[in-house]
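Scroll down for the structure; my scribbles are underneath it.
The values are calculated or read from the model by the stated rules, or taken from the named source; none is laboratory data. From a predicted model like this one, the values you see are computed outputs, not experimental measurements. Heads up, the Cβs are rebuilt from the backbone with ideal geometry, glycines too, and the neighbour counts pull from every protein chain shown. SASA here: full protein model, heavy atoms, side chains in, ligands and nucleic acids out. Shrake-Rupley method; radii C 1.70, N 1.55, O 1.52, S 1.80 Å.
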Amino acid sequence: MNLPQEYLEKMKNLLGEKEFQQYLDSFAQKSYAGLRINSLKWSKEQYKALFATESVAWCEDGFYYEEQERPAKHPYYYAGLYYIQEPSAMAPASVLPIEKNDAVLDICAAPGGKSTQLGARLCQTGVLVSNDISAGRTKALLKNIELFGICNSIVMSETPQKLSNYFQNYFDKILIDAPCSGEGMFRKDNDMIKKWNHTLISFCMKQQKEILNHAAMMLKTDGMLLYSTCTFSPEENEKMIQQFLQSHKEFTLVPISQKWGFEIGKEGCARLFPHKIKGEGHFLALLQKRGIQAQTFFAVEREQVDQRISFFWEFEKQVLKPNWQKIKGIYKIYGDDLCYLPENVPVLKGLRVLRSGLQLGTFKKNRFEPSQALALALNKNDVNNYIDFCSKGEEVIRYLKGESIAVTEPGEGWYLVCVDGYGLGWGKLQKGRLKNKYRAAWKWEGSVRKE
């Protein structure tokens, strides 16, 4: 591993001679692969009954898996039953104390690992705003939110400054997984080493300071903010937090628990080192806002539909069971798309919003076509019409590859296609053949598995 000499000197000063050698020795050790189950869809007990498991200490839904396993090539991945995530990256959303009905902001959210974790912890209550300034990266973010079946989310691509103009004193909890120099990922990503230099660190520090300042404006009094990076640089970690606290006297640090093997500094911030935990590198600082709550009025979104909604009512009557909704919400039509939003969401006009709530489907000429997102928010108990494939069978892979399939179901029309009862997508049954409606961009690549 060709690490920059200047970086090595910094780490030696940070760790001390003995521990520095332990850190260097960790580069010869294996990296840990992890996944986090989607508790909105299934339980730890169901997962453990199917797969060999070792739990991630700091994440109650996190597990390690062996290199020879290929969880991304299992139909359950396509059903959104888990998210593949480096174990230390599960720590920020685990440490932030989420409660039901919270309004939560993930301000640097792409590709969605921490947002899906926050969404699962909210249990379809409150509202989750998942934002990333990069419009390109938010496409992956939106896909992962949809895979997880999260119905109470708003996905957008905006600057922190513009968000703070809309959401002053709105959020109960904010997660900042800040852009950083990435030193904690050096063991597993050689490209991060090549990019490392003073210019990158300075650029990241400027972004970190800006994000923290705008996030402070959006947090309610008594709300909590979790700042994290995947770097070891003190300038981007403890020193950044110290500067923030000096200019924001209303914030105090909340000590993080030592019980998971994290290294806790005297201020209460946590460092995750690869020679001390089963994971890569991370930094965490938990802060709370104090003072008198400012009164802020938010105009909220109101239900807005047109005559086309009758096509959805017809689809709902034929396909969906009563009480299929996972949240209390309102219907809104955006162009030709019908969405179901959580209640009391602020008016978002003027912001770059990719998705408000759950996209139910699209109105086309004299008909309604259900969306992939709706399928992933449902299971076989939510619908009248479904076709359930076995996860070990050939048919489910053929469906995920976009093929039409002969079936023995007697009816016709829209069917939810499931794997072991979990929604995957839609199909339209006509004369004993299932016309495949799986989203083309998500199709399975590679050959059919041989059991």
Note: the stretch 293-451 at 20 °C, 1.002 mPa s; Kirkwood Rh on alpha carbon pairs; Stokes-Einstein D in µm²/s works out to 124 µm²/s
Among G279, M218, I145, the residue whose Cα sits farthest towards the positive end of the charge dipole of the chain (+1 at Cβ of Lys and Arg, -1 at Cβ of Asp and Glu, taken about the Cα centre) is I145
If each K or R counts +1 and each D or E counts -1, the residues other than L163 whose Cβ falls under 12 Å of its Cβ total -2
Between the alpha carbon centres of the stretch 218-291 and the stretch 116-161 the gap in Å comes to 23 Å
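Tell me, in nm to one decimal, what length is gained between E303 and K321 on full extension, where the rule is 0.36 nm per residue of separation less the Cα-Cα distance? Can you show the working numbers first?
Working: separation 18, 0.36 × 18 = 6.48 nm, distance 2.19 nm.
Working it through step by step, the gained length comes to 4.3 nm.
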One quarter of the C-alpha convex hull surface, i.e. the mean projected area of the stretch 377-451 in nm², amounts to 4.9 nm²
For the stretch 379-451, the dipole about the Cα centre with charges only on Cβ (Lys and Arg +1, Asp and Glu -1), to the nearest 20 debye, works out at 300 debye
Taking only the alpha carbons of the stretch 1-121, the radius of gyration and the largest Cα-Cα distance, Dmax, both in angstrom, are 17.5, 49
Carbon plus sulfur, as percent of the 1.4 Å-probe accessible area of the stretch 168-228, comes to 51 percent
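Keeping the other protein chains in place, figure out the carbon and sulfur percent of the accessible area of the stretch 1-76, with a 1.4 Å probe. Mind dumping the intermediate values first?
Working: 1980 of 4320 Å².
Carbon and sulfur atoms account for 46 percent of the accessible area of the stretch 1-76.
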Computed ³J(HN,Hα) along the stretch 149-159: with the Karplus parameters 6.51/-1.76/1.60, θ = phi - 60°, integer Hz and x for glycine or proline, the list is x, 7, 9, 9, 10, 10, 9, 9, 10, 9, 6
Taking the chain and counting helices only, DSSP H stretches of n ≥ 4 at -39,500 (n - 2.57) each over all residues, the nearest-500 ellipticity at 222 nm comes to -7500 deg cm²/dmol
By the mean-Cβ-within-10 Å protection proxy, highest first, 384-392, 76-84, 25-33 rank as 76-84, 384-392, 25-33
In the stretch 346-396, taking the dipole from +1 charges on Lys and Arg beta carbons and -1 charges on Asp and Glu beta carbons about the Cα centre, the listed residue (A373, L348, S391) farthest towards the positive end is L348
So the pair-distance distribution of the stretch 232-362, from every Cα-Cα distance in 10 Å bins, comes to percents of 10, 25, 16, 21, 20, 9, 0
In debye to the nearest 20, the charge dipole size for the stretch 223-346, taken about the Cα centre with +1 at each Lys and Arg Cβ and -1 at each Asp and Glu Cβ, equals 540 debye
The percentage of Cα-Cα pairs in the stretch 225-276 separated by more than 14 Å is 54 percent
For the chain, percent of DSSP beta bridges that are antiparallel (nearest 5) comes out at 70 percent
Over the chain, with neighbouring protein chains present, the accessible area per residue in Å² at probe 1.4 Å is 45 Å²
Dipole check, the stretch 256-330, charges on Cβ (K,R +1; D,E -1), about Cα centroid: among A270, I309, Q293 the Cα furthest to the positive pole belongs to A270
Computed over the chain: longest principal axis from alpha-carbon atoms vs helix 309-319 long axis, angle to nearest 10 degrees, is 80 degrees
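Note down the magnitude of the dipole of the chain about its Cα centre, charges +1 on Lys and Arg C-beta and -1 on Asp and Glu C-beta and zero elsewhere, to the nearest 20 debye.
Values: 60 positive and 52 negative charges, 187 e Å.
The calculated dipole for the chain is roughly 900 debye.
Pairs of Cα atoms under 8 Å, at least six residues apart: use those to get the relative contact order of the chain, whole percent.
Numbers: 923 pairs, mean separation 58.6, N = 451.
Rounded, it is 13 percent for the chain.
Per the 1.4 Å probe, what fraction of the accessible area of the stretch 349-409, in percent, lies on carbon and sulfur atoms? Mind dumping the intermediate values first?
Details: 1070 of 2740 Å².
Looking at the stretch 349-409 in its full context, I get 39 percent from C and S.
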Quick note, the stretch 95-216: a/c under 1.5 would make it rounded; otherwise a/b > b/c is prolate and the rest oblate (a ≥ b ≥ c, C-alpha gyration tensor); here it is prolate
In terms of the alpha carbon gyration tensor, root eigenvalues a ≥ b ≥ c, rounded if a/c is under 1.5 and otherwise prolate when a/b exceeds b/c or oblate, the stretch 190-296 is oblate
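So what is the orientation-averaged projected area of the stretch 24-80, using the convex hull of its C-alpha atoms, in nm²? Working shown, then result.
Details: hull surface 19.2 nm².
Result: 4.8 nm².
What ranking, highest mean first, results for peptides 296-304, 106-114 when packing means the other Cβ atoms within 10 Å averaged over each residue?
Numbers: 296-304: 11.4, 106-114: 25.6.
Descending packing order for the listed peptides: 106-114, 296-304.
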tail above 30 Å in the computed P(r) of the chain, as % of all Cα-Cα pairs, reads 48 percent
